[in-house]
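Here the structure is laid out as structure tokens; the discussion comes afterwards.
Any read-out appearing in this document is the output of simple, stated calculations on the displayed coordinates, not a laboratory observation. None of the values given here were measured: they were computed from a predicted structure. So basically every Cβ, Gly included, is an ideal-geometry build from the backbone, and we count neighbours across all protein chains shown.
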Amino acid sequence: MNPQYEAHARLCKSIGDMAKENEDLKQHVTELENRLRALWDKYDGDCKHYMERIQRLEEAGDRMRLFCADPDDCFAWDKAKEAKM
């Protein structure tokens with residue numbers, strides 16, 4: 001067999017293998033991107049949920065402050081809210 005033909009055949013096979021590997025890697029990257037988007041969407045939804053819950057708890061604390069008999073307790077609530085911000 002012709003040595004140049006053999007070298008050409010090996011090169012073509014090598015290029016074909018690299019192309020296949022490249023496609024596999026592209027597919028893997030796409031899968032990772034999709035998983036990352038799903039995690040980000042979940043995080044975003046969780047974050048909104050907890051921010052709304054914190055807001056409701058703050059509103060409830062503000063309403064409870066109206067019934068606060070001990071000024072020190074009221075001061076503690078105000079200080080806790082300031083620390084959050």
Straight-distance crosslink candidates among aspartates and glutamates, where the alpha carbon sits under 15 Å from LYS13 and sequence neighbours closer than 8 are dropped: GLU21
Cα to Cα, under 25 Å, and not fewer than 8 places away if on the same chain: which lysines meet these conditions relative to LYS81? LYS48
Taking the Cα centre of the chain as origin, sum charge times position over the Cβ atoms of Lys and Arg (+1) and Asp and Glu (-1), and report the length of that vector in debye to the nearest 20. 260
Tell me the angle of helix 71-84 to the major Cα principal axis of the chain, expressed in degrees between 0 and 90 and rounded to the nearest ten. 20
Selected from LEU39, PRO71, GLN27, residue furthest toward positive end of dipole (the chain; charges at beta carbon): GLN27
Straight-line reach from LYS84: which aspartates and glutamates have Cα under 13 Å away, leaving out those fewer than 8 places along the same chain? GLU58
Which percent of Cα-Cα pairs in the chain sits in each 10 Å bin, short to long? 14, 20, 13, 12, 11, 9, 8, 7, 5, 2, 0
Length released on extending from LYS13 to LYS81, taking residue separation times 0.36 nm less the Cα-Cα span: 17.7 nm
If you fit an axis through the alpha-carbon atoms of helix 3-65 and take the longest principal axis of the Cα set of the chain, what angle between them do you get, 0 to 90°, nearest 10? 10
